[in-house]
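Input: a single structure, listed below in structure tokens.
All of the numbers you see were taken from the coordinates with simple rules; none came from a lab. All values derive from a computational prediction rather than experimental measurement. As a convention, Cβ positions derive from the backbone with ideal geometry for all residues, glycine included, and neighbour counts pool all protein chains shown.
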Amino acid sequence: MYIGGFKMNYNATGGIKTYSLPFPIHHRGISNVFDQPEIQTHHYIIDDAEVHSIENIKNIDLQCKGTIVRLIPTTEGDIKIHLYGKISSSEAYITPSLLTAVEDGFLYGEIKHYESPLLHIESDLCLDISIPREYKEDIEIENSYGNLMVDEIQHIKSFSFKTITGSIDIQRLLSKETKLETVTGNIQLQQVESNLNIETVTGAVAIEVANSEKVLSIKTTTGNCDIILSKNSNVNPSFKTVTGRINTKYNEGDSSINLETITGAFNITYK
């Protein structure tokens, strides 16, 4: 298939592709005061999707870069991964591709970027991952920079998300085990009913715990953390800090909360 004189490459099954399917919007030339050659900036709309049956899928493993990631529960029977948005590049048709493959029960996905030392890219991309509600296994996502936005993570075995500068916003968290890692990104969680492990450096953490029987472990360097427990929660918190502050009054019980920081502050309140 040819788009604007450029051949788009697909494999035999229409699955893994060398390129996304970019639709050109326009391009403009940019000159500078040093009389360097004109730089052409090419603008595209990206709209690329892959669909896989959940049959025999035990793990979903996605590698992203510079995208807003959204998890969407669905009543459909297939997993749909949809990459879309706008991108600007100094080289024609150098656009990211959505690549997926299934092997031994693992669904692997990657947003492949084709970059060179002279390539300048600006993008505003989103990755929607539609997960059937009947899927009960593991989900792992790594996004070097970019946010995670989720209305609900359903009753799966485990969920893991790792980013550097992106923020994490989850409205309801029901997975059995959850691990979240950031460097500077903030984390905001509501209705947490999961064993939860959080690690951040400077990111702020805000958590509303709906089930205090779960194990909560939070480790920060300088980031502050606010934890809201239900009014009848009985907990057994463990604190470790260097110069940080811990501001809390709690009802003693058996539920485990492990808090560790160097200079950050922890605040525990009841709702």
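In nanometres, what is the gap between the two model label sites at N56 and D169, each 7 Å from Cα along Cα-to-Cβ?
Result for the modelled spin labels: 3.9 nm.
Where Lys and Arg each count +1 and Asp and Glu each count -1, what net charge lies around T220 among other residues with Cβ under 10 Å from its Cβ?
-1
From the P(r) of region 171-230, can you give the percent of Cα pairs sitting at distances over 16 Å?
It works out to 36 percent of all Cα pairs.
Any idea how far apart A206 and E140 come out in nm if each label point goes 7 Å out from Cα toward Cβ?
Label-label distance for A206 and E140, simple model: 3.1 nm.
Report the net charge of residues surrounding A265, where surrounding means a beta-carbon distance below 11 angstrom and charges are Lys +1, Arg +1, Asp -1, Glu -1.
That works out to 0.
Give me the number: length gained by fully extending H113 to K176, i.e. 0.36 nm times residue separation minus the C-alpha to C-alpha distance, one decimal in nm.
Once the chain is fully extended between H113 and K176, it gains 19.4 nm.
Residues of region 64-104 with the amide nitrogen closer than 12 Å to a label point 7 Å from the Cα of I45, along Cα-to-Cβ, please.
Under 12 Å, as judged by backbone N against the label point of I45, lie 85-87 of region 64-104.
Taking a 21 Å limit on the Cα-Cα distance, which of the listed pairs K157/K179; K58/K112; K86/K112 fall beyond it?
Exceeds cut-off: K58/K112.
Which cross-chain or sequence-distant (5 or more) residues have an amide H under 5 Å from the amide H of A265, H modelled 1.01 Å from N in plane?
Result for A265 returns N224, C225, R245.
With a sphere of radius 11 Å drawn around the Cβ of K162, what net charge do the other residues whose Cβ falls strictly inside it have (Lys, Arg +1; Asp, Glu -1)?
-3
Please list 50-56, 141-147, 76-82, 219-225 highest first by mean number of surrounding beta-carbon atoms within 10 Å per residue.
219-225, 141-147, 76-82, 50-56
Grab the Cα-Cα distance for E91 and V215, subtract it from 0.36 nm times how many residues apart they are, and report the gain in nm with one decimal.
Gain on stretching E91 to V215: 39.7 nm.
What does the extension gain come out to for D104 and K231, with contour length at 0.36 nm per residue minus their alpha carbon separation?
The span from D104 to K231 would gain 41.2 nm if fully extended.
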